[in-house]
Every structure is written in C-alpha cells, then in structure tokens.
C-alpha cells in the first residue's frame, strides 16, 4: 500500500506537468481534467481495503478537481477578456479608419494651405503628445517655419493685440444673476453684438444684456446668433450619436 501511494504521487506529479503543458495549449485543459478525474476514481477503487489511504486519495482527488475547475474558470475568463478586447479593438480601429476630410473655414488659414498647417500640427502632437499654444508658438518662431506667417512678430503690435484680448476677458468676467423657478442663474452682463454708431458705421461691440433684452431689434439679433451658435455646435459634434436627441431639438427650434 505504501508503494502504491508513492506511485500514485509520482503519477500525479507527471499529470500536473502534463496539465501545465495543456493549459498553455488552450481548450485541452478540460479534456486533461476529465482524464485526471478518471485516474483518481480508478486509484480510489483499487485501494478500497485501506480506509485511510482511500480517504487521502479522495481528498487529493477533490483538491485536484477544485484546482482544475479554478484553472478552467480562469482560462475561460481570460478568453472572454481577450474576445472583448478584440471586439473593442475592432471598434476602435473602425473609428480610427473613419474618413476625415481636412478643411479650413478660410478666416485664418487659406483652404489651399490647410494641409501644410495640419502636417505641422500633427508633427507637434507626435513629438510632444498634445498641441498647446506654447509649443505651436515655439514651432512657428523660426522664419522658415510653415506656421511663421500666421503670427504677429512685431512686439509692439503683438502687445497691443494681447491687451485687446485681455480687455475681452475683463468684459466677460462681469456677470448678472436672476431667479428662474427654484434656482438662480448667472450669465454674462455684456453681449457681443453688431451695432451702428452715430456716424453710421457698423461694427461688433459689447452691449449690456438688459438693453438687448428690452430692444426688439437687438433681441431678435441675439436670438438669431444664438441659433447660429447652436447649429455650429451641432455640426462640431455631429459624429457623437449619443447627442442625437439634442441635435433633433436644435433642428426643431432652428426651423
């Protein structure tokens, strides 16, 4: 009985090695587990005269069975994760392969020059990981850069333009609040509008919100610009299907 127990342990070690090999080869794990279960059952029947040895073998068999079940569940889990990852990868690849046509609105970059600018911006993103105003300015600083001509390099002129931008930020900081149902809302106190001065010259400037809302013409202009901004926002994010209900609401109001 002693020799049989030792012989069984040796077989168990060999089968464990074999199982590790089959575990690396995919679906053979379950087949190896069935073979091991049959081996343990035969060994237990052959040693039924020795109660202690039989109980020990049954315990080993149960432990082996639990170990195989756990290993099989783990491998099935890895297979499921792999399948899910493959599906996600396909979806991501499909999104990445979406045909994108590079265009320009023509306000800053000419349509004939957009590809040159995009090539340089892509180079900056690949080099630094993202595109920021700082690294774009640095890339445009050399006179040979394809981005150089889009910036104001005269420091006096650039300083004046920057101060105007600071003035815009200052105006935007002023807000007014009002009560609406059960909450208080806050909006900008001055609205950018097209207006005409006393000399008949028209241009864009900021007008107080209270004046805009009380003037029928200014209010109509503000509504038209708000709808234009809403449609522009819809065009910007039209590739996000999750926002389809908002897009439909904008289309309904903009009719």
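Please treat every number below as a calculation from the coordinates, not as lab data. Everything quoted here is computed from the prediction, not taken from an experiment. Note: ideal-geometry Cβ built from the backbone for every residue, glycine included; neighbour counts use all protein chains shown.
Quarter the surface of the alpha carbon convex hull of region 189-245 and you get the mean projected area, 5.2 square nanometres. Measuring r between the beta carbons of residue 113 and residue 220 and using R0 = 45 Å, the FRET efficiency lands at 0.75.
Extending 7 Å from the Cα toward the beta-carbon at both residue 202 and residue 135 defines two label points whose distance is 4.3 nm.
Going by how many other Cβ atoms sit within 10 Å of their own, how do 152, 196 line up, fewest first?
196, 152
Quick one: 237, 190, fewest Cβ neighbours within 10 Å first, how do they rank?
237, 190
Going by neighbour counts of Cβ atoms within 10 Å, the residues 247, 151 line up, fewest first, as 151, 247.
Expressed in nm to one decimal, what extension gain is obtained for the pair residue 155 and residue 253 from 0.36 nm per residue of sequence separation less their Cα-Cα distance?
30.7 nm
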